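Note sheet for the following structure.
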Amino acid sequence: MTTTRGGRVRIAAVSAASALALAGVLGGCSSGSDADSGSAEIATGTAAATAGAAAQAGPEELRALLPEQAAFGAGFVAAPVTTAQLEATLNQVRDKAKTQVVDPADCKDTLDLTAGLDPAATAMVAAGNEDQGTKIGVIVSRDDTSLDAFRSSLDRCGTVTVQVDGTTTDVTTEGFAPAGATGEEPLGITRTQSVGDAGNVTTILTAEEVDGTAIRVMVHQPSTEALTPEVLDHFRQTAATLMNDTATRVAQK
């Protein structure tokens, strides 16, 4: 996998602008220069900052379902995303999305992989690996049916073109079956956004519902070249493992 610092900066900004909202939500996990300038700042420093954020990171019963630092592996720094941070970032990204032109037009609503989330009924933890530019988000929420739109649109919205702020990008989406999923209607999505000479942004989504609790895991990887099948499989397995571990905690609550 090939990444460059300059490429990551340009790609992250375009990604947030075109409503691949993970870049906006997780932008602060690595460094400010990788994030869109208005993205919420997520604490990744001291234990005190993490503990303070946890006190505001969504409903307590949902926070208890999120994975801890060790689940993300070496090289990742994890921190809870507060309700205020999540709300501010989603509002910003969705406002920006109103300016984009999508072809086919009826696929516009399927671009935001955080669609349907209510920050007041959502808990999220974000993890970033500075060296690789990888960002991972694990989200749990109540009574979320918005994922049905992704399932129904995979055939007709597999390839779309997005124009925003004078930049045209191609977005391709394909489904896969998350390994080991045991919840209701498990969903896997691999989405790649090609930003011309700037490179690519690949987002892996795994999702399912367990006992009325919706789980989403998103892995976000910028790169100067297309990811190899081996790297894609690694990220899919990472997302599926985090989803399955979270589903186990939900089932045991």
Legend entry - Which numbered condition ALA78 misses (of (1) at pLDDT below 85; (2) more than 18 Å from ALA214 (Cα to Cα)): (1)
Inset, instruction - List the number of the failed condition for CYS157; all other conditions in (1) in contact with a Pro (Cβ under 8 Å, 6 or more places away or on another chain); (2) closer than 18 Å to PRO222 by Cα hold. - result: (2)
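Where in the range 152-253 are the strands (runs of 3 or more DSSP E), entirely inside, with at least 1 residues that are more than 21 Å from THR134 (Cα to Cα) and open to solvent by 60 Å² or more (accessible area, probe 1.4 Å)? Full working, then the answer.
Working: elements: 159-164, 167-176, 184-194, 200-210, 213-223.
Filter on the range 152-253 gives 159-164, 167-176, 184-194.
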Inset, instruction - Tell me, yes or no, whether the range 160-176 has at least one residue that is at pLDDT below 90 and in contact with an Asp or Glu (Cβ under 9 Å, 6 or more places away or on another chain). - result: yes
Legend entry - Of all residues in the range 117-144 being closer than 27 Å to THR99 by Cβ and not hydrophobic (A, V, I, L, M, F, W, C), the one that is most open to solvent (accessible area, probe 1.4 Å): ASP118
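The values are calculated or read from the model by the stated rules, or taken from the named source; none is laboratory data. Since this is a predicted model, take the numbers as computed values, not measurements. Neighbour counts are summed over all protein chains in view; Cβ atoms, including those assigned to glycine, are modelled from backbone coordinates with ideal geometry. These accessible areas exclude ligands, DNA and RNA; they are computed on the full protein's heavy atoms, side chains included. Shrake-Rupley method; radii C 1.70, N 1.55, O 1.52, S 1.80 Å.
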